[in-house]
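The values are calculated or read from the model by the stated rules, or taken from the named source; none is laboratory data. Note that the structure is predicted; figures quoted are calculated from it, not measured. Cβ placement follows ideal geometry from the backbone for every residue including glycine, while neighbour counts extend to all protein chains displayed.
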Amino acid sequence: MNGASASVVRRISQKPQWNTPSIPASVPALPWGQEDIRREFGLALARLSEPQRRVFLLRQHSDLKFRKIADITGEPLNNVLSHIRYATTKLRQELQFLREDGRDLE
């Protein structure tokens, strides 16, 4: 490999150096708007497994009892309880940044 080729390979394999300006600490963060929260929640909801998403939506949107959700989905009650637990845990983890980044929630 000649000198020019080695130089190109070295540049390609290096991580790019981005010149991103830092935001001064004195600039207040803008509050999360309802559309921002709705978008982030929708993205987090889409990342759940299908059974978790279905059970979560039936419970939260339709306010159904767990036994009724089990009847509707044809799944054992323990599976329904497991789906709701995992869905809630994952959503909390994925949306935790909404509170941690210093912005107020509207």
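When R67 is tested against (1) charged (D, E, K, R); (2) at pLDDT below 95; (3) loosely packed, with under 11 Cβ neighbours inside 10 Å, only condition (2) is not met.
Screening S5, S26 for residues that are in a loop (DSSP other than H, G, I, E, B) and modelled with pLDDT under 65 leaves exactly one candidate, S26.
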